[in-house]
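Below you'll find the structure, written out as structure tokens, and then a few comments.
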Amino acid sequence: MAARAAPLLAFALLAPTTVVAQAPLTVVSPFEINSLEPSRAGFNFTRMEVTETLVGADDGGLPVPELATAWHLSEDRLSWRFILRADARFHDGTPVAAEAVAESLRRVRTQPGPLADAPITAITAVDPRTVEVRTATPFMPLLAFLAESSTQILAPASYDESGAVRQVIGTGPYRITTIQPPLRFDTERFDGWNGGPTPAIARTTYQAVGRKETRALMAESGQADLAFTLDPAGTDRLRRLSRVTVTALPIPRTITLKLNAGSAFFSDVRVRRALSLALDRNGIANGLLRSPEAAATQLIPPTLAEWHVPTLPPLRHDPAEARRLLTEAGWTPGPDGVLSKDGRPFRVTLRTFAARPELPVVAAAIQEAGRGVGIDIQVAVGGSGDIPAGHKDGTLEMGLAARNFSLVPDPIGTMIADFGPRGGDWGAMGWSSPELQEVLQALGQTSDPAERATLRARVSTILQTELPVIPVAWYDLRVAASRRLDGVSVDPLELSYRISRMRWSP
């Protein structure tokens, strides 16, 4: 059950005075607190270490204790038992009882998220410190599913009478003191946490800052101690500053072009392949992303070594072959150069969003590539919710996003969510493969390394052949950090900022 992945960072900053050392550590990123619901914005709270999941993951994706200190799998591989941390307490002072944990997880199962896709039949409290999870069939990735942020454990007092989350009462080393959705929350050290050494950083602030230029300026001025998701131009400027450290690290995100394969435009696999061939990935990686190694040759990047298939024939750039395939599929040029078929011009809208600053400029490059083969693509830059909303109501034609394959530490979680029979908000739309479902099911049931490698390669081959989503570029996470901090480390799975491990420089 492995993954390599996506560095989320905490880095080092300015020599502090006593006053500075007492100030909160400030983190800025583009992601708003648009809900208290874990399935929608829970990653903000796990990254800031307000909430914990039953199981965590190390840098290689292997399970490590978090709220559960141990677990046991039955001989028939259908029952998992989790032993909770002794004397753990929620932020409201109530003890972490097994029934409260079981109820929290049962509620997670009713919400969108990876755990809803797992073949779980029951979640129960065996005794005050033991939670049992039963599955209909052996499901070896369960530990990875329980490390994903939507499975964070909340106290019973977190919910109102209707079952909606009204406050985030977790078990992590930091507790929320004030929250101002959608832009900010503040935390303080929770002295009742017993999951590790007492954190040296006493207070933190999280701010959602949508503009990439503002995030860079906050890092430059010292208003932010950690600034995430910067653009290439912004990081180039910050690299010239002595008080800021800038890191650009390849992570297991892929910029992907989601297509409505159920539409008249993209139902033909020849058209999907033609659009892929039209893309100049090397030009995008070099000219726009300033990262030559980012040109995607397949969906899964090399940072996920067990899922990346070196022998897979790489995606390539061949506009002439793209035009041939479009002609073969029945699309012919009109007087204005735009292709048409059965009297319908090939005009489509590509939705994307600016929270990840690379996306709008990559969308413009895709628009130009489409023009080169006779496809008229209009780019609409909106909010990140526009793509899943368009998936749900059927209006989406194309969507450009950056998909993370390690938020569930075993990427099979993302594969099931994106390429299941009904597709997924960030994955397939109007496309499914019975063969792929069989392979994913087999992959979930086996722990044999050789068999798992064969099955993973088959998943990648099917997706490379059918292209329900088109890989465009692998992703670099760009982070600016002040030099006022020591003990900073990188979480290659983007699960935590690891603030509890930091301290102010002496």
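A few notes on this one:
- Restricting attention to the stretch 427-442 and to residues that are in contact (Cβ under 8 Å) with a residue 40 or more places away in the chain and crowded, with 21+ Cβ neighbours inside 10 Å, the residue that is nearest to P302 (Cα to Cα) turns out to be G427.
- Residues in the stretch 449-481 that are among the hydroxyl-bearing types (S, T, Y) and either out of contact with any strand residue (DSSP E or B) (no Cβ under 6 Å at 6 or more places or on another chain) or part of a loop (DSSP other than H, G, I, E, B) (or both): T454, S460, T461, T465.
- In the stretch 146-175, the qualifying residues are those that are over 22 Å from G113 (Cα atoms) and assigned to a loop (DSSP other than H, G, I, E, B), and the one that is modelled with the highest pLDDT is P173.
- Of all the listed residues (L312, L339), the sole one being more than 30 Å from A457 (Cα to Cα) and among the aliphatic types (A, V, I, L, M) is L339.
- Residues located in the stretch 303-323, provided they are without any contact (Cβ under 8 Å) to a residue 12 or more places away in the chain and either assigned to a helix (DSSP H, G or I) or touching a strand residue (DSSP E or B) at 6+ places or on another chain (Cβ under 9 Å) (or both): A320
- For the residues L279, L275, L249, L238, the requirement of being under 22 Å from the mean Cα position of the chain (by Cα) and touching a residue at least 12 places away in the same chain (Cβ under 8 Å) singles out L249.
Let's see how each residue does on (1) aromatic (F, W, Y); (2) on the phi > 0 side of the Ramachandran plot; (3) assigned to a strand (DSSP E or B):
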| position | (1), (2), (3) |
| --- | --- |
| I123 | no, no, yes |
| V126 | no, no, yes |
| R134 | no, no, yes |
| A144 | no, no, no |
| T177 | no, no, yes |
| P182 | no, no, no |
| F185 | yes, no, yes |
| N194 | no, no, no |
| P197 | no, no, no |
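- Residue satisfying all of: in the stretch 471-484; in contact with a Lys or Arg (Cβ under 7 Å, 6 or more places away or on another chain) and among the hydrophobic types (A, V, I, L, M, F, W, C); farthest from R203 (Cα to Cα) among these: V472
- The stretch 215-231, residues that are among the small types (G, A, S) and in a helix (DSSP H, G or I): A216, A219, S221
- Residue count for the stretch 247-300 satisfying the condition of being aliphatic (A, V, I, L, M) and touching a His at 6+ places or on another chain (Cβ under 6 Å): 1.
- Only listed residue being of a type in the set (D, E), surrounded by 15 or more Cβ atoms within 10 Å (Cβ to Cβ), under 25 Å from Y475 (Cα atoms) and at pLDDT 95 or above, chosen from D268, D280: D280
- Selection status of A216, surrounded by 19 or more Cβ atoms within 10 Å (Cβ to Cβ), of a type in the set (A, V, I, L, M) and either within 28 Å of F405 (Cβ to Cβ) or within 23 Å of the chain's Cα centre (by Cα) (or both): yes
- Checked against (1) surrounded by fewer than 22 Cβ atoms within 10 Å (Cβ to Cβ); (2) hydroxyl-bearing (S, T, Y); (3) within 30 Å of E32 (Cβ to Cβ), T256 passes all but a single condition, namely (1).
- A count restricted to the stretch 409-426 and to residues that are assigned to a loop (DSSP other than H, G, I, E, B), buried (at least 21 other Cβ atoms within 10 Å of the Cβ) and either in contact with a Phe, Trp or Tyr (Cβ under 6 Å, 6 or more places away or on another chain) or among the acidic types (D, E) (or both) stands at 2.
- Taking residues in the stretch 77-101 that are without any contact (Cβ under 8 Å) to a residue 24 or more places away in the chain, and partners anywhere that are part of a loop (DSSP other than H, G, I, E, B) and among the hydrophobic types (A, V, I, L, M, F, W, C), the pairs with Cβ atoms closer than 9 Å and at least 6 places apart or on different chains are P95/A88.
- One residue stands out in the stretch 199-212 among those that are of a type in the set (G, A, S) and not in a strand (DSSP E or B): the one that is modelled with the lowest pLDDT, namely G210.
- Output for the stretch 50-59, where each listed residue is surrounded by fewer than 24 Cβ atoms within 10 Å (Cβ to Cβ) and in contact (Cβ under 8 Å) with a residue 60 or more places away in the chain: V55, G56, D59
- Only a single item in (1) surrounded by fewer than 17 Cβ atoms within 10 Å (Cβ to Cβ); (2) more than 24 Å from E494 (Cα to Cα) is not met by Y159, and it is number (1).
- Qualifying residue in the stretch 340-354 (condition: touching a helix residue (DSSP H, G or I) at 6+ places or on another chain (Cβ under 9 Å), surrounded by 15 or more Cβ atoms within 10 Å (Cβ to Cβ) and at pLDDT below 95): yes
- Of the criteria (1) buried (at least 22 other Cβ atoms within 10 Å of the Cβ); (2) small (G, A, S); (3) at pLDDT 95 or above; (4) in a helix (DSSP H, G or I), which one A401 fails: (4)
The values are calculated or read from the model by the stated rules, or taken from the named source; none is laboratory data. Source: prediction; values computed, not measured. Note that we place each Cβ from the backbone using ideal geometry, even for glycine, and neighbour counts take in every protein chain shown.
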